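A.B. asks: Quick one: the structure is below, questions incoming.
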Amino acid sequence: MLALTVDIFLLVFLIASAVGILFTHQLFAMAMLFGLYSLLVASLFILLDAPDVAFTEAAVGTGIATVLMLATLAATKESKEKPRKKLSKSALTISIFTGALLLYGTTGLPKFGDPEAPIHTQMADRFIQQGQAETGVPNLVTAVLASYRGFDTLGEVTVVFTAGVGVLLLLRRRYKPKIRRNADAG
Amino acid sequence: MSFIEGHLIYWLLICLMMVGLYTLMSCSNLIKKIAGLNVFQTGAILFYVSLGKVTGGTVPIIAEGYESYSNPLPQVLMLTAIVVGVATSALGFALIVRIREAYKSIEEDELDNMDRLDD
């Protein structure tokens, strides 16, 4: 019960910082809020028994993503978002509709933390019973990541490599083709 | 009562995802759009990891004296998703820098206007 209270407390903080990101017009403040948001996500992962995911989120989400965002802000020399009309009706409608559908979907889910849920009785049991014997790694997350689902990880590396090549091609070119036809007139 | 208790975390996570989705769709600033996309994505990731939690279970690292472990599978998949997510947002940021070079602006509606003037 106490753990659930802490979870909900952190989640409310998370939603508050997400709303902060939505409403602030200062982009540097938004980048800092975004770092704070990722750190809260990392602490929530610890509470959900996922320390490996928490490490990754703290290093990659809080560190690299925030630094990338700050670097983009520095490169584009933008610090303020131009104020717009307050409410976008179509976006709000789509968000509420999607949210309602997802809420309806959760009614069919087993309760949070229920040990009898189908997800825990099929695959996970096998990993927990035989994972260490088969791979020799006591950390089951590592065992599944590097051994059982090694191809997944290879695919992940491919995606990261492709993204890296894309970034380099976009930014490191000496000759930049013109995107706009009448750039000087416009 | 126990139904609400058992599902409250899912509902809050869906609220979080929808805040992210609204940010993504309503903000015209491209950097803020990427931030919204990241909020939506971390919401989905948290949702998956929360499905793997077992009450009374512990971290899925085999040790003596523990019988019940949380499910390692959602954690593994989401570990991959976090890294891929950062890679895609890095690509998004590079595109923003490039758009700014070509258009001198990163506001979506201004870009739209400029494209219309060009045609």
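The values are calculated or read from the model by the stated rules, or taken from the named source; none is laboratory data. Just so it is clear, the structure is predicted and the values come from calculations on it, not from any experiment. Here the Cβ positions follow ideal geometry from the backbone for every residue, glycine too, while neighbour counts run over all protein chains shown. Each accessible area value is taken on the protein alone, full model and side chains, heavy atoms only, with ligands, DNA and RNA left out. Shrake-Rupley method; radii C 1.70, N 1.55, O 1.52, S 1.80 Å.
A.B. asks: Between A:T153, A:T162, A:T66, find the one with the highest GNM mean-square fluctuation for chain A; connect C-alpha pairs within less than 10 Å.
C.D. replies: Of the options given, A:T162 has the highest mean-square fluctuation.
A.B. asks: A further question on this structure: Using a ≥ b ≥ c from the Cα gyration tensor of segment A:54-184 (square roots of the eigenvalues), is it rounded, prolate or oblate, where a/c under 1.5 gives rounded and otherwise the larger of a/b and b/c decides, a/b for prolate?
C.D. replies: Values: a/c = 2.79, a/b = 1.46, b/c = 1.92.
It comes out oblate by the Cα gyration axes.
A.B. asks: Scan segment A:1-84 for trypsin sites (Lys or Arg not before Pro) in coil per DSSP, keeping those whose Cβ has at most 11 other Cβ atoms within 10 Å, and list them by number.
C.D. replies: Those that pass, being in a loop and sparsely packed, are A:K77.
A.B. asks: Still on this structure, please answer the following. Heavy-atom accessible area per residue, segment A:1-79, 1.4 Å probe: how many Å²?
C.D. replies: Details: 3370 Å² over 79 residues.
It amounts to 43 Å² per residue over segment A:1-79.
A.B. asks: Here's something else I'd like to know. Angle between the Cα long axis of helix A:27-47 and the longest principal axis of chain A, 0 to 90 degrees, nearest 10?
C.D. replies: Once rounded, the angle reads 0 degrees.
A.B. asks: Where the accessible area of the protein assembly as shown is counted over protein heavy atoms with a 1.4 Å probe, how much of it, in %, is carbon and sulfur? Intermediate values should be presented prior to the final figure.
C.D. replies: On the way: 10630 of 15670 Å².
C and S fraction of accessible area: 68 percent.
A.B. asks: Rounded to a whole number of µm²/s, how large is the Stokes-Einstein D of chain B at 20 °C and 1.002 mPa s, given Rh as the Kirkwood radius over C-alpha pairs? If you can, show how the numbers build up before the last one.
C.D. replies: Values: Rh = 17.2 Å.
Reported coefficient: 125 µm²/s.
A.B. asks: Would you rank A:L101, A:L22, B:L16 by solvent-accessible area, highest first, keeping every protein chain in place and using a 1.4 Å probe? Walk me through the numbers on the way to the answer.
C.D. replies: On the way: A:L101 100, A:L22 25, B:L16 0 Å².
So the residues, ranked largest to smallest area, are A:L101, A:L22, B:L16.
A.B. asks: Follow-up. Under a 10 Å cutoff between Cα atoms, tell me which one of A:G155, A:G136, A:G35 has the largest fluctuation in the Gaussian network model of chain A.
C.D. replies: The residue with the greatest mean-square fluctuation here is A:G155.
A.B. asks: Let me confirm the definition first: pairs of Lys residues in chain A, 8 or more apart or on different chains, C-alpha distance under 25 Å. How many are there?
C.D. replies: Details: A:K77/A:K85; A:K77/A:K86; A:K77/A:K176; A:K77/A:K178; A:K80/A:K89.
Counting lysine pairs in chain A gives 5.
A.B. asks: Next question, about the same structure. With a 1.4 Å probe and all protein chains left in place, how much accessible area per residue does segment A:105-186 have, in Å²? Provide the component values of the computation, followed by the final result.
C.D. replies: Values: 5610 Å² over 82 residues.
Here the residues of segment A:105-186 average 68 Å² of exposed surface.
A.B. asks: With a 1.4 Å probe and all protein chains in place, put A:D49, B:D112, A:D114 in order of accessible area, largest first.
C.D. replies: Values: A:D49 15, B:D112 80, A:D114 50 Å².
Highest to lowest solvent-accessible surface, that is B:D112, A:D114, A:D49.
A.B. asks: Rounded to the nearest 100 Å², what is the buried accessible area between A and B, both sides summed, probe 1.4 Å?
C.D. replies: Values: alone 15190 and 8770 Å², together 15670 Å².
Approximately 8300 Å² gets buried when A meets B.
A.B. asks: May I pose another question? Assign one of three labels to segment A:1-79, namely rounded, prolate or oblate, based on the Cα gyration tensor with a ≥ b ≥ c the square roots of its eigenvalues; rounded applies when a/c is under 1.5, prolate when it is not and a/b is larger than b/c, and oblate otherwise. Kindly include the intermediate steps, with their values, before the conclusion.
C.D. replies: On the way: a/c = 5.55, a/b = 1.67, b/c = 3.32.
Oblate, because a/c is 1.5 or more while a/b does not exceed b/c.
A.B. asks: Another question about this same structure. Could you report chain B's accessible area per residue, 1.4 Å probe, as an integer in Å²?
C.D. replies: On the way: 4600 Å² over 119 residues.
I get 39 Å² per residue for this part.
A.B. asks: Taking amide hydrogens as modeled 1.01 Å from N in the peptide plane, which residues meet the under 5 Å criterion relative to B:Y69, leaving out close sequence neighbours?
C.D. replies: Residues meeting the criterion, in which the H sits 1.01 Å from N, are B:T58.
A.B. asks: Would you tell me the mean number of C-beta atoms belonging to other protein chains that fall within 10 Å of each C-beta in A:161-169, as a whole number? Don't skip to the end; give the middle numbers.
C.D. replies: Values: counts 1, 3, 9, 4, 1, 6, 9, 1, 2.
Rounded to a whole number, the mean comes out at 4.
A.B. asks: What dipole magnitude, in Debye to the nearest 20, does segment B:2-118 give about its Cα centre under +1 on Lys/Arg Cβ and -1 on Asp/Glu Cβ?
C.D. replies: Values: 7 positive and 11 negative charges, 24 e Å.
Roughly 120 debye, rounded to the nearest 20.
A.B. asks: Now, a different point. Roughly how many debye, to the nearest 20, is the charge dipole of the protein assembly as shown about its Cα centre, given +1 on each Lys and Arg Cβ, -1 on each Asp and Glu Cβ, and no other charges?
C.D. replies: Numbers: 24 positive and 25 negative charges, 318 e Å.
Taking the Cα centre of the protein assembly as shown as origin, the dipole is about 1520 debye.
A.B. asks: Along the charge dipole of chain A, pointing to its positive end and built from +1/-1 on Cβ of Lys, Arg, Asp and Glu, which listed residue (A:A3, A:T162, A:L73) has its Cα farthest out?
C.D. replies: A:L73
A.B. asks: Relative to the present Cα-Cα distance, how much length would full extension add between A:D152 and A:A59 at 0.36 nm per residue of separation?
C.D. replies: Values: separation 93, 0.36 × 93 = 33.48 nm, distance 2.10 nm.
Here the segment from A:D152 to A:A59 would lengthen by 31.4 nm.
A.B. asks: Would you please give the FRET efficiency between A:K178 and A:S79, computed as 1/(1 + (r/R0)^6) with r the Cβ-Cβ distance and R0 = 30 Å, to the nearest 0.05?
C.D. replies: Details: r = 27 Å, r/R0 = 0.91.
Given R0 = 30 Å and the Cβ-Cβ separation, E is 0.65.
A.B. asks: Students sometimes get this wrong: rank A:H25, B:H7 by accessible area, probe 1.4 Å, all chains present, largest first.
C.D. replies: The ranking, largest first, comes out as A:H25, B:H7.
A.B. asks: Right, something else. Restricting to Cα pairs below 8 Å that are 6+ residues apart, what does the relative contact order work out to for chain A? Please round to a whole percent.
C.D. replies: Values: 90 pairs, mean separation 24.3, N = 186.
Averaging sequence separation for qualifying contacts and normalising by length gives 13 percent for chain A.
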